[in-house]
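Heads up, the thing below is written out as structure tokens.
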Amino acid sequence: MLNSSSRTIKVDDTDPHIVYNGGPWILDDGSESKLGNFGPPYQNTLHGVRKGSGSLSYRFQGSAVMVYGTMNIRNTSGVIDPKWACFVDGVAIPTIPPFQFPENNYPFCQQSQLPDGDHIITVNAMSNGQAFWFDDIEYTPSLGVPLDNATIVVDHMDPSIHYGPGWLPLGDTANMTSTNGAKMNLQFTGVGLSWVGFIPTELPHGPAPALYTVDDLSPVAFVLPGLPPNSSTLFNQVFFATPALPYGSHNLTVVYQGGNTLTPLTLSNLLIQNGCLSVPEVNTTSTTANATHPGVSTASTRSRAGTIVGCVFGTIIAILLLAILFVFMRRWYRRYKKPVLQPTPGYSRSFDPAAPLDMEMDNRRSLAPSDITRDARYPPFTSVMHHDTQSTVTFDPPPLHPAVQTESNPTSPYIPESNYRNLEPAYVVASGSAGYPYASVGIGAFHQALLLSKSQEAASGSRMRDSYI
């Protein structure tokens, strides 16, 4: 089995969908059935290549695959004959190391992790005289794969199997009972069923009676043959197979009639022909198979649909909650974490008018005009004013006053020079004050410079722009 909890499809070597190439391939009808203790080949048939090379391929839709055959090699000084290799979609998959003893139902190769979908399994074989024998392919099907004429392998741990009192696990390979009257019940859909178990050599070997009943038909007795003394465990034993049944839902009941001194009844797996199992609802013992899609039970379909719908709605709700949380956190951050610009240490806001920014930044002290003329760093004092005074710094552009009207500039009301030539200052700002616009410059000196500039302007007949006055 590929997975103890999965249901797989078993494809016999005689299936018409298997394509054989090369060879020649030969069909065997049971000559190898008594090899080893792994039981007879599935359906007692094999396809083989005795001399030469050949290949077989099979297309399936699923997520895992395994190839079985009869292991009967010849080892000549380390040279193995026959040889084989397996590929899925052209990619090699792991092969099982050869076994030195002849055995049927031996796994040649397997791949248990495939992307769910369409695949092609290919087996290449080469024989130099020792036959290569292929038996069957077993794969885990995708949901919705047609099950017409398919054989379903049902593991002994499948939840659709109902064991009564007296049943116990036998390792991880089977369930067993040695209790007289112990029952097992199963509801399935198909046209037939086979019970496969094994006979353990560690337990009593005497033959034991049992019977099975399908629906309301008469009970059918069968015998567990037991084992001869000092014999090995026999695996893959078919204890009974139902006759052909009409396609539909059926109920199987099996009753063990032996005891703890006789061969126990074991179950490894069930083979259901052309059908499926009905998966029970929660807290129920049986369901009716889906009549529209044989092989997919009503309970299973509802369960998958409910799971899908729940996942979709759960995802949508989670996305909405995350979006709401994101918006809330963003607003909170903006409200409580927004950075606040703090003033530079030592800054004090002044409400006095700001003087224009002087570009002479290396000298920040206030000088009287007489000091400027005596300083070697400055050119001789002319009518063009160089104001070396700097007060509160501002980044606003200084106000531009319109030029004073002269005789050559009649655009604004003209004030004759005689009106201001002999004016005395109305007030004097003491040196070192922070007044506007020129701190530390006496008003008298300032007016003297202004009058000198205006006199030169009138004499030359041109007007100079008096910025910032």
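Each value in this text was obtained by applying a stated rule to the coordinates, not by laboratory testing. Note that the structure is predicted; figures quoted are calculated from it, not measured. As a convention, Cβ positions derive from the backbone with ideal geometry for all residues, glycine included, and neighbour counts pool all protein chains shown.
General observations
- Residue order, fewest to most surrounding Cβ atoms within 10 angstrom, among T233, T263: T233, T263
- Just so you know, the averaged projected area of the alpha carbon convex hull for the stretch 154-292 sits at 8.4 nm².
- Potential extension, I319-D15 segment - 0.36 nm per residue separation minus Cα distance: 104.5 nm
- The calculated FRET efficiency for Q61 paired with N251, based on their beta-carbon distance and R0 = 35 Å, is about 0.70.
- Residues E32, E103, E202, ranked from the fewest to the most other C-beta atoms within 10 Å, line up as E202, E103, E32.
- Zone residues, the stretch 102-141, relative to S53, backbone N less than 20 Å from point 7 Å out along Cα-to-Cβ: 109, 121-134
- Burial ordering of H162, H47, fewest other beta-carbon atoms within 10 Å first: H162, H47
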